[in-house]
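The values are calculated or read from the model by the stated rules, or taken from the named source; none is laboratory data. Small disclaimer: the values here were computed from a predicted structure and weren't measured. Note that each Cβ is placed from the backbone with ideal geometry, even for glycine, and that neighbours are counted across all protein chains shown. Ligands, DNA and RNA are excluded from the accessible area calculation, which covers all protein heavy atoms including side chains. Shrake-Rupley method; radii C 1.70, N 1.55, O 1.52, S 1.80 Å.
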Amino acid sequence: MKKLLLLLIAAICFTACSKDNEPKNESEKSKEVKELWITLTGIYSTTFYVANTDAVWYTETITFKPYKEPKIIMPPYTDQNGEVYAFGEADIKDSRFTSISGVQRCYYSLYLRLGKPTISFYQFADDNGDSWGREDCRSVEIIDASKFEMWSYGTSKTENAHTYKRQ
């Protein structure tokens, strides 16, 4: 009986220790999310045009500053059961609003939704790094190491994707 008990305890210890090095959430395990996380470093920008013309409507520049490993942030309102993993910080400069609100400081989280990579931005509420909980979710697809396409989540890529190029 003692041998059985010792074997049971050893098995529990072995399985408990083997999970210590596993990623903290499912998003970290995904090949697509890891590739996106590695690619999104530095400054990227795109230009939005007035529909069916060559007239510039506005530009958006995003500076991605990835973390060494994801960390949990706690936006006040979220659909992620209270746990959101920030993969880094992003400063978003939208030329329509720069003179009004400056640059948006955000956390960004990477997910697989319906098998496709997405990025969610959670804007800082203050200089302490607290988040408002407002989520700006976008679909994203890597083109190469210096370009990716991004569009509002839930909309058509064909009609809404914009190419962001590394500066």
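Being β-branched (Val, Ile, Thr) and either under 18 Å from Leu36 (Cβ atoms) or at pLDDT 95 or above (or both) is a property that does not hold for Ile72.
Among the candidates Arg105, Arg138, Arg96, the residue that is outside any strand (DSSP E or B), open to solvent by 20 Å² or more (accessible area, probe 1.4 Å) and either on the phi < 0 side of the Ramachandran plot or modelled with pLDDT under 95 (or both) is uniquely Arg96.
Flag: Thr158 does not match the condition of being in contact with a strand residue (DSSP E or B) (Cβ under 6 Å, 6 or more places away or on another chain) and modelled with pLDDT of 90 or more. Looking across segment 40-73 at every residue that is outside any strand (DSSP E or B) and open to solvent by 20 Å² or more (accessible area, probe 1.4 Å), the one that is nearest to Gly88 (Cα to Cα) is identified as Thr41. Scan (1) over 27 Å from Ala145 (Cα atoms); (2) modelled with pLDDT under 85 for the single condition Ala51 breaks and write down its number. Here Ala51 meets the rest and fails (2). Just one of the listed residues (Glu89, Glu35) is at pLDDT 85 or above, more than 20 Å from Lys165 (Cβ to Cβ) and either out of contact with any strand residue (DSSP E or B) (no Cβ under 6 Å at 6 or more places or on another chain) or assigned to a strand (DSSP E or B) (or both), namely Glu89.
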